[in-house]
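Shown next, in structure tokens, is the structure this report addresses.
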Amino acid sequence: MDLEATLRRYIYDVTLATGAPPTIAALADASGQNADAVRAALTRLAAARIIVLQPVSGEILMTPPFSAVPTPFLVITAQHQSYANCAWDALGVPIMMRTSARVVTACACCGDAITLDVDADAPPPRTEIVHFAVPAAKWWNDVVFT
């Protein structure tokens with residue numbers, strides 16, 4: 001397996017287990033590679049739209065559907081708490097983990113609190129509407145804003 005495939009697998013294994021992606025240092029330790037080789041491989045994974053990197057440090061910012069930094073979308077499972085990148089990703093976390101979850105967020109228009117219980121095997125039994133300000137075809141033009 002090449003380095004990108006090894007890192008991709010490790011990144012998702014760690015993120016699914018802990019709710020947050022590993023650091024470059026942890027990836028270097030796990031892969032037996034130096035930090036420069038890991039950074040280069042992460043850059044290639046980011047170019048392939050597998051992950052999103054933080055612009056200054058080069059650390060992982062997004063391992064979709066997970067965010068490495070706090071966002072307005074807290075996802076609580078029996079295993080851990082994590083942040084999702086957006087409302088869509090908040091629904092994706094429990095599906096990816098194959099578990100139920102509680103999503104805690106707020107309405108972007110009025111600020112009212114929203115708590116949504118999600119079952120990985122069924123759609124949420126609610127009537128809220130998710131609004132996407134950017135068409136899906138343009139998400140990767142600026143995926144952090146989207």
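See the values below:
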| item | result |
| --- | --- |
| Amide H within-cut-off set for Ile114, under 5 Å, with H built and near neighbours excluded | Thr105, Ala106, Cys107 |
| Backbone HN-Hα couplings from phi across the range 107-124 [Karplus 6.51/-1.76/1.60, Hz, Gly and Pro as x] | 5, 5, 7, 10, x, 4, 5, 10, 10, 10, 8, 10, 9, 5, 9, 8, x, x |
| Long-range HN-HN contacts of Ile51 with modeled amide H, under 5 Å | Ala46 |
| Estimated FRET transfer efficiency (Gln81, Phe132; beta-carbon r; R0 35 Å; 0.05) | 0.90 |
| Under 5 Å, built H, 5+ apart or other chain: amide partners of Gln81 | none |
| When the range 1-95 is reduced to its Cα atoms, the Kirkwood hydrodynamic radius in Å | 13.4 |
| Angle in degrees between helix 35-47 and the longest Cα principal axis of the chain, rounded to the nearest 10 | 50 |
| Gap separating the Cα centres of the range 22-77 and the range 120-146, nearest whole Å | 22 |
| Karplus 3J(HN,Hα) series, Hz, for the range 56-61 with 6.51 cos²θ - 1.76 cosθ + 1.60 (x for Gly, Pro) | 8, 7, x, 5, 6, 9 |
| Residues in the range 52-79 reached by a label modelled at Ala30 [backbone nitrogen below 13 Å; 7 Å Cα→Cβ] | 60, 63 |
| Binned Cα-Cα distance frequencies in the range 74-141 - 5 Å width, integer % | 4, 16, 27, 23, 17, 11, 2 |
| Two-site FRET efficiency, Asn141 against Thr6, from Cβ-Cβ distance with R₀ of 41 Å, rounded to 0.05 | 0.90 |
| 3J(HN,Hα) from dihedral phi, the range 63-72, Karplus parametrisation 6.51/-1.76/1.60, rounded to Hz, x for glycine, proline | 10, x, x, 8, 10, 7, 10, x, 9, x |
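Every read-out reported here was derived from the displayed coordinates using simple, explicitly stated rules and does not represent laboratory data. Quick caveat: nothing in here was measured; it's all calculated off a predicted structure. Counting neighbours? That spans all protein chains shown, and the Cβs are built from the backbone with ideal geometry, glycine included.
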